1. Where does the chain land at 222 nm, in deg cm²/dmol rounded to the nearest 500, when only DSSP H runs of n ≥ 4 count, each adding -39500 (n - 2.57), divided by all residues?
2. Can you check what the Kirkwood hydrodynamic radius comes to for the range 1-98, Cα pairs only, in Å to one decimal?
3. Normalise the Cα radius of gyration of the range 63-187 by 2.2 N^0.38 Å (N = residues in it) and let me know the number.
4. Could you order E374, E31, E228 so the one with the most accessible surface comes first? Probe is 1.4 Å.
5. For the chain, give the magnitude of the charge dipole about the Cα centre (Cβ charges: +1 Lys/Arg, -1 Asp/Glu; no others), in debye to the nearest 20.
6. Run the simple label-point estimate for L106 and D378 please: 7 Å along Cα→C-beta, distance reported in nm.
7. Work out, in µm²/s and without decimals, the Stokes-Einstein translational diffusion coefficient of the chain at 25 °C, 0.890 mPa s, Rh from Kirkwood over C-alpha pairs.
8. I'd like the distance between the alpha-carbon centres of the range 78-147 and the range 1-39, rounded to an integer number of Å.
Amino acid sequence: MDKLLELESISKSYSGVEVLKDITIDLSEGEVLCFVGENGAGKSTLIKIISGAIWPDGGTVRYFGKEYEKLHPRNVIDLGVATIYQEIDLVDHLTVAENIFLGCELKNRFGFIDAKEQERQADELIGRLELDGIRGNMLLTDLSTAQKQCVQIVKAMKNDARILILDEPTASLGDKETKALLELVKSLSGQGMGIIYISHFIEELFEVGDTLLILKDGRQTAVRKTKETVPEQVIHDMIGRDAASFYQREYFEAGKRVLKVEHYSNRHTVHDVSFEMRSGEVFGLGGLVGAGRTELARMIYGADGKLEGKLFLDGREITPVNPKDAIRKGVFMISEDRKGEGLLTLRSVKENIMITHNEGREWIRLKKESKKVEESIDMFGIKVPSQNAEVTSLSGGNQQKAIIARCVMDPGDVYIFDEPTKGVDVGAKEEIYKHILNLAKEDKFVILISSDMPELLSMSDRIGVMCGGRLACMMDAKETTEDELMRKYLGFS
């Protein structure tokens, strides 16, 4: 079989941080190559390199036997590589045929778009793939999510794609729709198309995959044939770490106060989630990308709308209607998007720490304010030349500590930490961990969301595992291993 794609010693860094190192893999005609790895393993970066969105710092990329120095996404598409992301990249108010031919419309001899010919060719392509229930003249908005995914694949076929990249294609699909899409993948590979398939559902990889590229921390830990391996081995390859990865925290008895999260749901990503926790407990929320962790947290905080859901503290309802109301009721959240949502990037460290405390105040006592900021800087060990320095001049860890200092400036009860150590160095991580545990010691309620399994296992008392928008199970962090946790993330019993 001919080699469609060859990657040799691929490496990529951002700001001196290596996100891919020495990746070597190839894709042949009719092969389904699956990328497997935890969140942050390097799968998305590798897809971007193959699709031409970014280019590696080192290594060789060959498409169809020819080596290229650098290409842009349009060049890669023209070569015959199509990338279909989890988010549907189509226009709802256009027809199926109009979406398929968008940007390269068919014209008649008078220079007008030939809608009938577009529909005829679209139906022909749809027929080749044996897709039931889809016609070229149908409006896209009338199709299901799975059918829209299929239209994206038809569009790739129209462009004579020989390599198809599918990034989490079944993440938003039901069982029946997933089965139909997997059958389509098998059909396309049977016709000689090379397919790169990314999914967190490991059973899908074993159903359609021929080869598994297993990534961990930007490095390939193994390349395995699905026929020659088992899911347990793949999970071990994904997460194998030594004990030094775990933080040794102090444990203490939980308090008597109770926080209840009841029946939180939105339209697509969170479905009837309920749990309760005690004060002094660090409650971890785990799961893979798209599991609904952050969406749940934002609904609890009042940042996003919901279909239903109530929050109770010691039997009293305190459901926030918006973040301002949440803060007034003692519910604080540290967002994973530090720069986009956590910081006022053009303001000083002082303003960033005091913004919530000063909300609605008519008068600010500047000397008292400066004293409070200095106390926070000392308490949290924020390394800063002056409290008037621009907050973006601080390191990532110190920026994060400034956000936490803001949240504890006023008395609160509930603290939600979403990826609190993302992009933070090891020293700053430990300091942040100490501040999180101090809140628990003070009889507060702490919810910790993290994609870092050692962090989640080290810091949590219990872990609620989110899978497919639902709270799949509860696990005792002290009695759980990474292997067991990953199995639950992937939906294994």
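1. -9500 deg cm²/dmol
2. 14.9 Å
3. This ratio for the range 63-187 stands at 1.10.
4. Result of the area sort, largest leading: E228, E374, E31.
5. Rounded to the nearest 20 debye, it is 1320 debye.
6. 7.7 nm
7. Answer, rounded: 98 µm²/s.
8. Cα centroid to Cα centroid, the span is 31 Å.
The values are calculated or read from the model by the stated rules, or taken from the named source; none is laboratory data. This is a predicted model, so every value here is computed, not measured. Note that each Cβ is placed from the backbone with ideal geometry, even for glycine, and that neighbours are counted across all protein chains shown. For the accessible areas, the whole protein counts, side chains as well, though only heavy atoms, and no ligand, DNA or RNA atoms are used. Shrake-Rupley method; radii C 1.70, N 1.55, O 1.52, S 1.80 Å.
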